[in-house]
Amino acid sequence: MEVKNLICINCPMGCALTVEMEGNEVVKISGNTCPRGEAYGRKEVTDPTRIVTSTVKVTGGKAEMVSVKTKQDIPKGKISECIKALKDVEVQAPVYIGDVIVADIAGTGVDIVATKNIELL
Amino acid sequence: MKNYDIVIVGGGPAGLAAAVSAKQNGVDSILILERDKELGGILNQCIHNGFGLHTFKEELTGPEYAERFIRQVQDLGIEFKLNTMVMEISENRVVTAMNREDGLFDLQAKAVILAMGCRERARGALNIPGYRPAGIYSAGTAQRLVNMEGYMPGREVVILGSGDIGLIMARRMTLEGAKVKVVAELMPYSGGLKRNIVQCLDDYGIPLKLSHTVVDIKGKERVEGVTLAQVDENSRPIPGTEEFYSCDTLLLSVGLIPENEISRGMGVEINPVTSGPKVNESLETNMEGVFACGNVLHVHDLVDFVSEEAAAAGRNAAAYVKTVSLGTESTRQSDRKTDEEYLAERIPDKAAEQEICLIPTSGVRYTVPSTIRVSHMDEHLTVRFRVGNVYKNCYVSAYFDEKRVIHRKRQVVAPGEMEELKLTKEQILQYPNLKTITIKIEEA
């Protein structure tokens, strides 16, 4: 049996969760004060996901960089691959919020979209 | 000299929300003065997500959150000037500002809303010995360099202070290829939000050393390393606990200071605890017609609360402007009430109305507002405050003079998270001649 220790992030309490796993199955979650803690613990050990934010270069715009994000959360294990795929991406101004910068990043099925408007210089 | 009903100093989240709210409350003559080249303030460099959960019920990045308000400002046709620095405001609300197009100019405002935000505490305030090599940045400066200008401040990083900007930058520098070796925090608890500790440090295996500080910086031209040491309960380094970390960059995330030079210059009274203006229930300072909101008033943890507070400041400033303007109109139309009659109705004699003082004590460091005039109160009033320590299983209590009226159980309160208490006008009216409301933490 594997035991994982987590801190719940749902509220300032920051409960110290202990999740007991049998293979990929969650057997027991303890340390939580409320049901939200249990749900968080389960998701974190079985399918942890994150929204990833970064920046890419812009040419011909009023700014050097445009901020971007994954449109939905992606598996935690894919973060570094996602960031690497963005390394040499360059876009042409103008760029608007929601524009797809890279489709299907790192094979996640999730698009990278712009989070800022960059007008033409 | 040009006249405006409301001049707003600062076009960040506070200034934008105040402008939108003032306009929606019926004031058309509004001008926002912003020193940067675009609206949005510090949100533009906060490219991470987590903004707007309260306001928009979704997680936005900083620039997206800013854009929602910028669009409202544009749609409402609110005037703004960029690249414009306010130099001075007189006690009669003459705003002196300058920019490249207009040079130095004066504006007469009926009301002023202070929304200048805050700045970061710098190395000079910390008494860290050592030379002054390159490679020491405040976390926010590094954030601007990385996210907006596309520069990396360094490759091997130590971060002092676990405020949210420091935590966010630990992750950001890691994603950009730097090695963040450690985050040191002087206090025995982090000043940042829990979710940032988990998602910015734990996710990337970055250690957080609580009760630790930097005692030496090595390097003459460029940072070569820093020495951390554990501190005792009086925050003094414990000899023998020193540990050397080689690095080329030290980021400081050691607190924010409201930027009140202009406010002080015009005679606004400052609360020494918040370093922000002392305000009444309308978020009005001791200077009539001068309001304050956002981080210039007190440092917030979530931008959603800044927007909410700024909307209240905008609403109150609009009400003030209408009172003053209507008073002037009535003098022109002799069949109407005189100024004095009108004002007597709207603004009860200052001397006649006793202000209720809010007193923070026993773990509560400050309250915003500091005073309440019941006649000017809306039905509901949000009192915001911060605590000075971590308290578990405690009560947040409010005493109306000697009587305990609010006694709310809290599982945990911490200095990193702003607290609030809602008061109602009805509640307060039940206590005539009320002089003080004391807010304190009571242990269970």
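The values are calculated or read from the model by the stated rules, or taken from the named source; none is laboratory data. For clarity, every value in this text was computed on a predicted model and none was experimentally measured. Cβ placement follows ideal geometry from the backbone for every residue including glycine, while neighbour counts extend to all protein chains displayed. For the accessible areas, the whole protein counts, side chains as well, though only heavy atoms, and no ligand, DNA or RNA atoms are used. Shrake-Rupley method; radii C 1.70, N 1.55, O 1.52, S 1.80 Å.
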Exercise. Can you give the alpha-carbon Rg of region A:2-47 over 2.2 N^0.38 Å, where N counts its residues?
Worked result: 1.02
Exercise. B:Y189's amide H: which non-local residues (gap 5+, or another chain) put their own amide H closer than 5 Å, with H modeled 1.01 Å from N in plane and none for Pro or chain starts?
Worked result: B:S211
Problem set entry | 5 angstrom amide H check on B:D36, placed H, neighbours 5+ away | B:N83, B:T84
Exercise. What size of dipole, in debye to the nearest 20, comes out for chain B about its Cα centre when the only charges are +1 on Lys and Arg C-beta atoms and -1 on Asp and Glu C-beta atoms?
Worked result: 740
For this session: Can you tell me the equivalent ellipsoid semi-axes for chain B? Use √(5λ) from the Cα gyration tensor, largest first, whole Å.
Result: 41, 28, 18
For this session: Enumerate by residue number the GluC sites (Glu not before Pro) in region B:214-244 meeting two conditions: DSSP loop (anything except H, G, I, E, B), and at most 10 other Cβ atoms within 10 Å of the site's Cβ.
Result: B:E221, B:E233
Exercise. Which residues of region B:65-89 end up with at least 30 Å² less accessible area in the presence of all protein chains than when their chain stands alone, using a 1.4 Å probe?
Worked result: B:E67
For this session: Report, for chain B, the % of DSSP beta bridges that are antiparallel, rounded to 5.
Result: 60
For this session: Please work out the Cα center distance from region A:83-121 to region B:253-317, rounded to the nearest Å.
Result: 37
Problem set entry | Estimated 222 nm signal from helices in the protein assembly as shown, with DSSP H stretches of n ≥ 4 weighted -39500 (n - 2.57), rounded to 500 | -6000 deg cm²/dmol
Exercise. Chain pair A, B: how much accessible area is buried, both chains summed, with a 1.4 Å probe, in Å² to 100?
Worked result: 2300
For this session: Just flag the trypsin sites (Lys or Arg not before Pro) in region B:361-444 sitting in loop per DSSP whose Cβ has no more than 14 other Cβ atoms within 10 Å.
Result: B:K435
For this session: For region B:194-274, give the magnitude of the charge dipole about the Cα centre (Cβ charges: +1 Lys/Arg, -1 Asp/Glu; no others), in debye to the nearest 20.
Result: 80
Problem set entry | Alpha carbon convex hull of chain A, projected area averaged over orientations, nm² | 8.9
For this session: Restricting to region A:53-114, compute how many DSSP beta bridges are antiparallel as a %, nearest 5.
Result: 75
Exercise. In region B:152-215, which trypsin sites (Lys or Arg not before Pro) are in a loop and have at most 10 other Cβ atoms within 10 Å, using DSSP for the loop call?
Worked result: none
For this session: Please turn the phi angles of region B:80-97 into ³J(HN,Hα) values with the Karplus equation 6.51 cos²θ - 1.76 cosθ + 1.60 (θ = phi - 60°), one per residue in order, whole Hz, x for glycine and proline.
Result: 8, 10, 9, 6, 10, 9, 7, 8, 6, 10, 7, 5, 8, 6, 8, 9, 9, 9
For this session: Enumerate the calculated ³J(HN,Hα) couplings along region B:232-248 in order (Karplus 6.51 cos²θ - 1.76 cosθ + 1.60, θ = phi - 60°), each rounded to whole Hz, writing x wherever the residue is Gly or Pro.
Result: 7, 5, 9, 6, 9, x, 8, x, x, 9, 5, 9, 9, 10, 7, 6, 10
Exercise. In a GNM of chain B with a 10 Å cut-off on Cα contacts, which of B:A115, B:A292, B:A312 has the highest mean-square fluctuation?
Worked result: B:A312
Exercise. Which ³J(HN,Hα) values in Hz, rounded to whole numbers, follow from the phi angles of region A:37-48 under the Karplus curve 6.51 cos²θ - 1.76 cosθ + 1.60, where θ = phi - 60° and Gly and Pro get x?
Worked result: x, 5, 4, 4, x, 4, 5, 4, 8, 9, 8, x
For this session: With a ≥ b ≥ c taken as the square roots of the eigenvalues of the C-alpha gyration tensor of region A:22-91, please select rounded if a/c is under 1.5 and otherwise prolate if a/b is larger than b/c or oblate if it is not?
Result: prolate
For this session: Taking every Cα atom in region A:53-114, find the radius of gyration and the maximum pairwise distance Dmax, and write them in Å.
Result: 11.2, 34
Exercise. How large is log10 I(q)/I(0) at q = 0.13, 0.21 Å⁻¹ when the Debye formula is applied to the Cα atoms of region B:39-178, each weighted equally and without solvent?
Worked result: -0.81, -1.28
Exercise. Taking all protein chains as present, what is the carbon and sulfur share of the accessible area of region A:53-114, in % to the nearest whole number, probe 1.4 Å?
Worked result: 47
Problem set entry | Radius of gyration, Dmax [the protein assembly as shown; alpha carbons; angstrom] | 25.3, 88
For this session: Just the number, please: percent antiparallel of the DSSP beta bridges in the protein assembly as shown, rounded to the nearest 5.
Result: 65
For this session: Taking the Cα centre of the protein assembly as shown as origin, sum charge times position over the Cβ atoms of Lys and Arg (+1) and Asp and Glu (-1), and report the length of that vector in debye to the nearest 20.
Result: 700
Exercise. What residues qualify as long-range amide H neighbours of A:I101, i.e. H under 5 Å apart, gap of 5 or more or another chain, H built at 1.01 Å from N?
Worked result: A:I112, A:V113, A:A114
